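One structure below.
The values are calculated or read from the model by the stated rules, or taken from the named source; none is laboratory data. Quantities reported herein were computed from a predicted structural model and do not represent experimental measurements. Note: ideal-geometry Cβ built from the backbone for every residue, glycine included; neighbour counts use all protein chains shown.
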Amino acid sequence: MPRKPKKPCAYPGCPELVDGYYCEAHKKLTDKLYNQYARDDFSKNFYNSMAWRLARKRQLSVHPFCEECLKNGKAVKATMVDHIIPIKQGGDKFEPSNLQSLCFSCHSRKSVEEGSRFGRHRGAKD
Ligand SMILES: [Zn+2]
Ligand SMILES: [Zn+2]
């Protein structure tokens, strides 16, 4: 029986010869990327859900001003509702005590600090 010839790893620029599609290192890497995308999909669906829209609306009607700006003595209209403990860290999705109203700039800053997907995409300035 002739041995199946090895092929270079499918990851661009990787010289490793492998039996499968990716070498061990790149298999792990692509699995990780895949999981990341799957999670992003999950949160996208969550933020579009009716339950979240209602929770968000209720939060903004009870706390119409950015809570971070209020701490600094400024009344800025809040446009975003943030999870104080992020969902991916086990925070409750709908519990009012885990929600805070934020203006866009406070929310972006917090997202950058957390390294969340908002931070990665919107944090960089051209
Ligand atoms: Zn590789
Ligand atoms: Zn603010």
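Which of (1) assigned by TED's automatic domain parsing to the domain that holds residue 111; (2) at pLDDT below 95 is the odd one out, the single condition residue 58 does not satisfy?
(2)
Consider region 22-60. How many of its residues are of a type in the set (S, T, N, Q) and more than 30 Å from residue 7 (Cα to Cα)?
Step one: of region 22-60, the residues of a type in the set (S, T, N, Q) are 30, 35-36, 43, 45, 48-49, 59.
Within this subset, residues satisfying the condition of being more than 30 Å from residue 7 (Cα to Cα) are 43, 45, 48-49, 59.
Number of matching residues: 5.
Restricting attention to region 28-50, and to residues there that are under 19 Å from the mean Cα position of the chain (by Cα) and among the hydrophobic types (A, V, I, L, M, F, W, C), which single residue is farthest from ligand 1 (Cβ to nearest atom)?
46
For region 1-95, list the helices (runs of 4 or more DSSP H) that sit wholly inside it and hold at least 1 residues that are of a type outside the set (A, V, I, L, M, F, W, C) and more than 16 Å from ligand 2 (Cβ to nearest atom); which are they?
Numbers: elements: 24-48, 50-62, 67-71.
Fully inside region 1-95 and qualifying: 24-48, 50-62.
Condition (residue is among the acidic types (Asp, Glu) and exposed (fewer than 12 other Cβ atoms within 10 Å of the Cβ)) applied to region 63-82: is it met by at least one residue?
Scanning region 63-82 turns up no residue that is among the acidic types (Asp, Glu) and exposed (fewer than 12 other Cβ atoms within 10 Å of the Cβ).
Would you be able to tell me the number of residues in region 22-77 that are out of contact with any strand residue (DSSP E or B) (no Cβ under 8 Å at 6 or more places or on another chain), over 20 Å from residue 109 (Cα atoms) and in contact (Cβ under 8 Å) with a residue 40 or more places away in the chain?
4
Might you check whether a residue that is within 16 Å of ligand 1 (Cβ to nearest atom), within 24 Å of the chain's Cα centre (by Cα) and surrounded by 11 or more Cβ atoms within 10 Å (Cβ to Cβ) occurs anywhere in region 13-27? Before the answer, list the steps.
First, pick out the residues of region 13-27 that are within 16 Å of ligand 1 (Cβ to nearest atom): 13-27.
With the extra rule that they be within 24 Å of the chain's Cα centre (by Cα), the set shrinks to 26-27.
Add one more test, that the residue is surrounded by 11 or more Cβ atoms within 10 Å (Cβ to Cβ), and what stays is 26-27.
Yes, region 13-27 contains a residue that is within 16 Å of ligand 1 (Cβ to nearest atom), within 24 Å of the chain's Cα centre (by Cα) and surrounded by 11 or more Cβ atoms within 10 Å (Cβ to Cβ).
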